[in-house]
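K.L.:
Before anything else, here's the structure in question.
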Amino acid sequence: MCDSCGCDLPTDHDHNHEHAPEIIKVHQSLLAANDAIAAENKAHFEAMGIVAINMISSPGSGKTTLLEKTIERLKGKIRIGVIEGDIETDRDAQRIRAKGVPVVQMTTGGACHLDAAQIHKGLHLLEKEPGGDKLDLLFIENVGNLVCPATFDLGEHQRVVLVSVPEGPDKPAKYPKAFISSQIFVITKIDLLPYFDFPVAEAKADALHLNPRLQVMALSATSGEGFEAWIDYLEAVMR
Amino acid sequence: MHEMSLVQALLAQLATLAAEHNKKRVITVTLDIGPLSGVVIDSFQFGFDILSAENSLTREAKLIIINPPATYQCIRCGHRQSSLVRPDHCPECDETLLIPEGGDGIILNQVEME
């Protein structure tokens with residue numbers, strides 16, 4: 001092959017000749033590379049007996065608070081680990097570490113989502129944390145963003161989308177992909193319902209309109225209202 | 001703006017294909033981007049314009065994006081309909097709960113190279 005122009009002729013020829021255009025059929029997803037790593041992650045989770053849950057929401061919807069309360073409730077019964085995704089800082093990881101479970105912080109340095117390769121790396125980092133090599137349940141707290149994380153499979157078993165009461169009930173209608181691709185929709189901060197116009201039934205109906213298979217629950221991690229349904233769900237997916 | 005990550009994945013696939021087929025220049029790239037893929041096509045095009053200019057393989061490449069419809073199946077009667085926008089109800093039985101099928105692909109369909 002010619003090193004200069006890449007054609008099949010021997011090296012010693014002039015490069016004025018035309019290289020004929022060729023149409024190459026590909027039919028491969030742009031996410032193929034991500035999805036291949038996601039499949040490896042899933043196989044790894046299953047070999048280790050881990051159930052992995054990918055949590056997707058806007059910034060400030062209460063993902064970390066829900067995790068803190070979940071760890072407090074289940075610690076000692078279920079071995080929990082957490083991979084935190086944020087653009088900058090390890091503040092969320094510090095909050096989780098304070099609860100005494102293995103956690104790693106993946107900072108994306110500007111990227112708006114976690115991808116499967118970051119979870120692969122995060123999983124190996126987690127295994128070096130005390131207790132991180134023997135887990136029952138892995139929470140992946142995605143970068144706060146209701147749009148981009150929905151496109152990237154991480155190899156998780158369950159995808160949870162969260163919307164807090166102050167954000168308003170129109171999020172399912174406005175950000176459909178996150179709701180179509182999730183199994184559970186959690187409405188958080190319901191202790192604030194008296195102060196905001198958030199018709200829970202309307203938000204549920206909008207979400208079910210997009211994805212009739214979606215399981216919907218409403219809770220407050222601070223007051224504890226509705227929290228048992230979340231714990232029941234976690235115990236059910238671990239069976 | 002995850003479209004930038006997707007454009008990077010596309011350019012990596014194009015580089016691999018060019019190497020496999022001994023090609024030096026991409027002329028056209030044809031993609032199928034479904035209505036439920038979560039991709040903003042203008043943002044994808046914008047990202048492609050910027051990143052494709054960075055190397056000689058793709059500098060002159062033209063992007064052709066096809067937007068195939070998704071299929072929606074009625075949860076009650078099973079009727080299927082194809083649409084680019086989510087239908088409000090089933091035309092057969094008026095049910096409003098419809099399950100989307102497909103339409104979430106971001107597929108590199110074919111490449112013309114020389």
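The values are calculated or read from the model by the stated rules, or taken from the named source; none is laboratory data. It should be emphasised that the depicted structure is a prediction, and the values quoted were computed from it without experimental measurement. Cβ placement follows ideal geometry from the backbone for every residue including glycine, while neighbour counts extend to all protein chains displayed. Areas reflect the complete protein model, heavy atoms only, side chains present, ligands, DNA and RNA absent. Shrake-Rupley method; radii C 1.70, N 1.55, O 1.52, S 1.80 Å.
K.L.:
Has region A:128-140 got at least one residue that is without any contact (Cβ under 8 Å) to a residue 24 or more places away in the chain, within 20 Å of A:Asp92 (Cα to Cα) and open to solvent by 10 Å² or more (accessible area, probe 1.4 Å)?
P.N.:
The answer is yes; a qualifying residue exists.
K.L.:
Tally up the residues in region B:85-114 that are under 21 Å from B:Asp32 (Cα atoms) and open to solvent by 80 Å² or more (accessible area, probe 1.4 Å), please.
P.N.:
Result for region B:85-114: 2.
K.L.:
Same structure again: Taking the residues in region B:10-32 that are more than 9 Å from chain A (Cβ to nearest Cβ) and open to solvent by less than 10 Å² (accessible area, probe 1.4 Å) as candidates, determine which candidate is farthest from B:Pro69 (Cα to Cα).
P.N.:
B:Val26
K.L.:
Follow-up. What's the number of the condition A:Gly60 fails, among (1) in contact (Cβ under 8 Å) with a residue 40 or more places away in the chain; (2) on the phi < 0 side of the Ramachandran plot; (3) surrounded by fewer than 20 Cβ atoms within 10 Å (Cβ to Cβ)?
P.N.:
A:Gly60 satisfies all of (1) in contact (Cβ under 8 Å) with a residue 40 or more places away in the chain; (2) on the phi < 0 side of the Ramachandran plot; (3) surrounded by fewer than 20 Cβ atoms within 10 Å (Cβ to Cβ) except (2).
K.L.:
What about A:His120, is it open to solvent by 60 Å² or more (accessible area, probe 1.4 Å) and touching a residue at least 40 places away in the same chain (Cβ under 8 Å)? Don't jump to the end; show me each part of the working.
P.N.:
On the way: open to solvent by 60 Å² or more (accessible area, probe 1.4 Å): yes; touching a residue at least 40 places away in the same chain (Cβ under 8 Å): yes.
Spelling it out, A:His120 is indeed open to solvent by 60 Å² or more (accessible area, probe 1.4 Å) and touching a residue at least 40 places away in the same chain (Cβ under 8 Å).
K.L.:
Same structure, new question: Pick out the one residue from B:Ser56, B:Ser82 that is on the phi < 0 side of the Ramachandran plot, open to solvent by 60 Å² or more (accessible area, probe 1.4 Å) and in a strand (DSSP E or B).
P.N.:
B:Ser82 is the lone residue from the list that is on the phi < 0 side of the Ramachandran plot, open to solvent by 60 Å² or more (accessible area, probe 1.4 Å) and in a strand (DSSP E or B).
K.L.:
If you scan region A:87-117, which residues turn out to be small (Gly, Ala, Ser), away from chain B (no Cβ under 14 Å) and open to solvent by less than 10 Å² (accessible area, probe 1.4 Å)? Write out each step before concluding.
P.N.:
Our first condition is that a residue be small (Gly, Ala, Ser); within region A:87-117, this holds for A:93, A:98, A:100, A:109-111, A:116-117.
From what's left, away from chain B (no Cβ under 14 Å): A:93, A:98, A:100.
Correct list: A:Ala93 only.
K.L.:
Any idea which residue in region A:161-197 is nearest to A:Gln118 (Cα to Cα), counting only those that are crowded, with 24+ Cβ neighbours inside 10 Å and among the β-branched types (Val, Ile, Thr)?
P.N.:
A:Val161
K.L.:
Can you spot a residue in region B:34-55 that is aromatic (Phe, Trp, Tyr) and within 30 Å of A:Lys204 (Cβ to Cβ)?
P.N.:
no
K.L.:
Does A:Ile83 satisfy being aliphatic (A, V, I, L, M), buried (at least 20 other Cβ atoms within 10 Å of the Cβ) and farther than 22 Å from A:Asp153 by Cα?
P.N.:
Considered against the rule, which asks whether it is aliphatic (A, V, I, L, M), buried (at least 20 other Cβ atoms within 10 Å of the Cβ) and farther than 22 Å from A:Asp153 by Cα, A:Ile83 comes out as no.
K.L.:
Right, next: Only residues that are out of contact with any Gly (no Cβ under 6 Å at 6 or more places or on another chain), within 12 Å of chain A (Cβ to nearest Cβ) and of a type in the set (Asp, Glu): list them for region B:61-114, please.
P.N.:
B:Asp88, B:Glu95, B:Glu101, B:Glu112, B:Glu114
K.L.:
Hey, another quick one. I'm trying to understand the selection: among the residues of region A:23-57, which are of a type in the set (A, V, I, L, M), out of contact with any Ser or Thr (no Cβ under 9 Å at 6 or more places or on another chain), more than 7 Å from every other protein chain (Cβ to nearest Cβ) and open to solvent by less than 20 Å² (accessible area, probe 1.4 Å)?
P.N.:
Those that are of a type in the set (A, V, I, L, M), out of contact with any Ser or Thr (no Cβ under 9 Å at 6 or more places or on another chain), more than 7 Å from every other protein chain (Cβ to nearest Cβ) and open to solvent by less than 20 Å² (accessible area, probe 1.4 Å): A:Ala38, A:Ile50, A:Ala52, A:Ile53, A:Met55.
K.L.:
Within the set of pairs 6+ apart or on separate chains, which have a first residue in region A:170-189 that is without any contact (Cβ under 8 Å) to a residue 24 or more places away in the chain, a second that is surrounded by 21 or more Cβ atoms within 10 Å (Cβ to Cβ), and C-beta atoms under 7 Å apart?
P.N.:
none
K.L.:
Kindly evaluate A:Ala20 against the criterion of being exposed (fewer than 15 other Cβ atoms within 10 Å of the Cβ), within 23 Å of B:Ala19 (Cα to Cα), at pLDDT 95 or above and within 14 Å of chain B (Cβ to nearest Cβ).
P.N.:
No: the conditions fail for A:Ala20.
K.L.:
Between a residue in region A:218-239 that is buried (at least 17 other Cβ atoms within 10 Å of the Cβ) and any residue that is among the aromatic types (Phe, Trp, Tyr), which pairs come within a Cβ distance under 9 Å, given they are 6 or more apart or on different chains?
P.N.:
Hits for this filter: A:Leu219/A:Phe227; A:Leu219/A:Trp230; A:Ser220/A:Phe227; A:Ala221/A:Phe227; A:Ala221/A:Trp230.
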